[in-house]
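The values are calculated or read from the model by the stated rules, or taken from the named source; none is laboratory data. Keep in mind it's a predicted model, so treat the numbers as computed, not measured. Positions of Cβ are backbone-derived with ideal geometry, glycine not excepted, and every protein chain shown enters the neighbour counts. These accessible areas exclude ligands, DNA and RNA; they are computed on the full protein's heavy atoms, side chains included. Shrake-Rupley method; radii C 1.70, N 1.55, O 1.52, S 1.80 Å.
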Amino acid sequence: MAAAAPGPGPAEAPAAAPELKSRFRTREGSYRLLGPATGPAPAGPAPPGPGALPPVRLSVVRLARSRSPPGGAAERSRVCCNLGRELHFYGGAGSGGRGSRRSLDLQRPIDKRVYKGTQPTCHDFNQFTAGPETLALLVGFSAGQVQYLDLAKKDSAGRLFNEERLIDKSKVTLVRWLPDTERLFLASHASGHLYLYDSEQPCGATSPQYTLVTQGEGFRVFSCKSKTPRNPLLKWAVGSGPLNEFAFSPDGRWLACVSQDGVLRVFHFASMLLQGMMRSYFGGLLCVCWSPDGRYVVTGGEDDLVTVWSFAEGRVVARGHGHKSWVNAVAFDPFTPQHDGDGDGEGETPQEPPQSVTYRFGSAGQDTQFCLWDLTEDVLDPRPPPPRPRDPPPSIPSIPGGLPRSLSRSNSLPQPGGGPQISPRVPPAPARFATLTLRDPRGPPEKEHKRYHSLGNISRGGGGSEKPPGGLPGVSRGSLDTAKVLGTSLCPRLHEVPLLEPLVCKKIAQERLTVLLFLEDCIVTACQEGLICTWARPGVSGLSSQNGGSPSGTVV
C-alpha cells in the first residue's frame, strides 16, 4: 500500500522536557538532592539583551575547624551569592540536631545588599584571616570596580578600588585573595588584564602610568610608576580577549589563567615567568582548576570538552566529552576515597574490569548537565601491559619521567608548601624573559582545521581557519591559531589523547549551571536562575538546601 501523502493535520504534541535528576549513584553510594526544585527570578528589572545578567557565583568560608567526632557539630560557615543586582549572605547552622551535620544553612539569609547602576559579578572571602573579628570579602562589579567589605565589623561602605574606573573600565571577571596573605589580591577583567592590589593602599586620583617589567609569549607584566605606593602594584596583559578565570596551585606558587583566546597559561607567580601553555580544541576557555596535589590542571570551555593537562609533563593527558554545550565550571573532589571497579551511575552491575581511581573531578555546563569524571591509572600512566611470553615484544617508545602508579590521597587539600614539590623548568629569575617553543619539531600539519560549534560536527578533515581577534605587540597574531597548533603538543587532535566518558552525566537544572563546589559532606551546585542545591554525600544527612533568590534582609 502506498504511503499517504503528507497534508495538514493535528499538531504534534511538544516533546516532554527532560526530567530533572534528584539523585545519582556512584561506587561509593547514592548522592541525593536536598531542597526545592525551583527558584525565583532575580529581584528588579533585568537588563536588556540576552545573557546580560552576570553568572551566579558562590563563595564559602569556614570560620572554625570542628574537632568533634563525625555526627557532631560541623564547621561554622559563611556563604555569599550574587544574583542580578543583589548579594545574599548566609550563615552556617552548626549542629542540626543529634546525629546530623549541617555545614551550610541556605534557608534563612543573614543579610542582603542591593546595588544600583552596577551588578556584582564575582566575590571571594579571605580564607587566611577569616575569624570572629575579621571576615574580609572582595566583590567585583560589571563596571570595573572592586569593593572590600569586612562583614564582621558591619562595615556598610567598605573600600572601593578603581572607583573612578581610571585603572580599567571593563567588567571584573574574577577576584581572588593571594593564598595565605592578609592584604594582597588579584582582579581579572574582560579587557584581558590582571591587576595585583594591596587592600591597604589607595588608588591614585589620575590614571596610572606603567613601566614594563618582563614579557613573553602572549603576555606582558608592568609595574605602576609612582613615588609613593599606590594601586595597582602590578598589571598583567594576558593573551587576547577577556581573561575569563585564573586559579592558584595548592602550594600557591603557580598561577593558571584561561582566556577567550582559548589558551591556558601557567605562570610562576613570584618571578612572573611563563611555565607552560595549552590551546583549546577551538573557542575560548572559561574555567580552570588544579588537582589537590598540584600535578594536573583541568579546563573547560566553548569546545564542550574538559581537558586534563599535566603540569609536570607539560602535555594534554586526556579530554572528556559529555557536555552538549559550553563548560562553565570545573572542580576536583578531594574527598572521594579510592575505589575499585566501575559503574555507570545508575547502580547496574559493573561491566568493565576493575580500575584504580586516582582522581575524581566534576564539571557543570550551559547544557544544565552535571558530570563526574574519573582519572585512572591507564590514562595517567598509559604504559602497555607486559607481553605474553610467546608474543614478540611490541615496539613502543618509552615515556620519560613516568608518573607513579598510585598517588596518596587525603581528606583535605594540601596546605601551601606541603605536598609534592615540582621544580620549575624555568629558573625563577625576574630579570629573565620567558620563552616557549610554540611549534612541534616536526612542524604543524599542512591541513587546516575548521572551527565548528558542536563536538558532534568535529571533523578531522580540512576546512577554513579562524584566527583569534586582537593580539599583543610582539606576538604573532596567528602564532596560536588552532589551525597552526592543531596536532602539536599545544593542541593534540582528539584521537591523539584518551577521550574520557563521564561516570555520571545528569540534567539537574532548568537554567545553565554556573557553580560547582565539593565540600566534605556535600556537593554544591547553582544555576543562573539563582537556585542553589546541595547534594548529600552517601551516609551524610541533615543538610539543608534553599534557593538564593528570595532572602529578606537589610537593603543598603
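Structure summary
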| quantity | calculated |
| --- | --- |
| Pair list, Cβ under 6 Å, 6 or more apart: region 290-301 residue farther than 15 Å from residue 376 by Cα, other residue in a strand (DSSP E or B) and hydroxyl-bearing (Ser, Thr, Tyr) | 299/307; 300/363 |
| Failed item, numbered, when residue 244 is tested on (1) on the phi < 0 side of the Ramachandran plot; (2) open to solvent by less than 10 Å² (accessible area, probe 1.4 Å) | (2) |
| Whichever residue in region 149-170 is farther than 24 Å from residue 225 by Cα and under 26 Å from the mean Cα position of the chain (by Cα) and, among such residues, is surrounded by the most Cβ atoms within 10 Å (Cβ to Cβ) | 149 |
| Filtered residue count, region 278-295, keeping only those that are open to solvent by 10 Å² or more (accessible area, probe 1.4 Å) and of a type in the set (A, V, I, L, M) | 1 |
| Out of 173, 129, 134, sole residue that is touching a His at 6+ places or on another chain (Cβ under 8 Å) and either closer than 23 Å to residue 91 by Cα or among the β-branched types (Val, Ile, Thr) (or both) | 173 |
| Residues being surrounded by fewer than 16 Cβ atoms within 10 Å (Cβ to Cβ), touching a Lys or Arg at 6+ places or on another chain (Cβ under 9 Å), without any contact (Cβ under 8 Å) to a residue 60 or more places away in the chain and among the hydrophobic types (A, V, I, L, M, F, W, C) - total across region 172-217 | 1 |
| In region 305-315, residue surrounded by the most Cβ atoms within 10 Å (Cβ to Cβ) [restricted to those that are closer than 21 Å to residue 249 by Cβ and within 17 Å of the chain's Cα centre (by Cα)] | 307 |
| Matching residues in region 122-176 - criterion: being under 30 Å from residue 285 (Cβ atoms) and among the acidic types (Asp, Glu) | 124, 168 |
| Residue count, region 319-328 (criterion: open to solvent by 10 Å² or more (accessible area, probe 1.4 Å) and outside any loop (DSSP other than H, G, I, E, B)) | 2 |
| Count - residues of region 179-206 that are part of a strand (DSSP E or B) and under 15 Å from residue 140 (Cβ atoms) | 11 |
| Sole residue being polar (S, T, N, Q) and more than 28 Å from residue 171 (Cβ to Cβ), chosen from 259, 291, 249 | 291 |
| Check on residue 179, out of contact with any strand residue (DSSP E or B) (no Cβ under 9 Å at 6 or more places or on another chain) and farther than 21 Å from residue 528 by Cα | no |
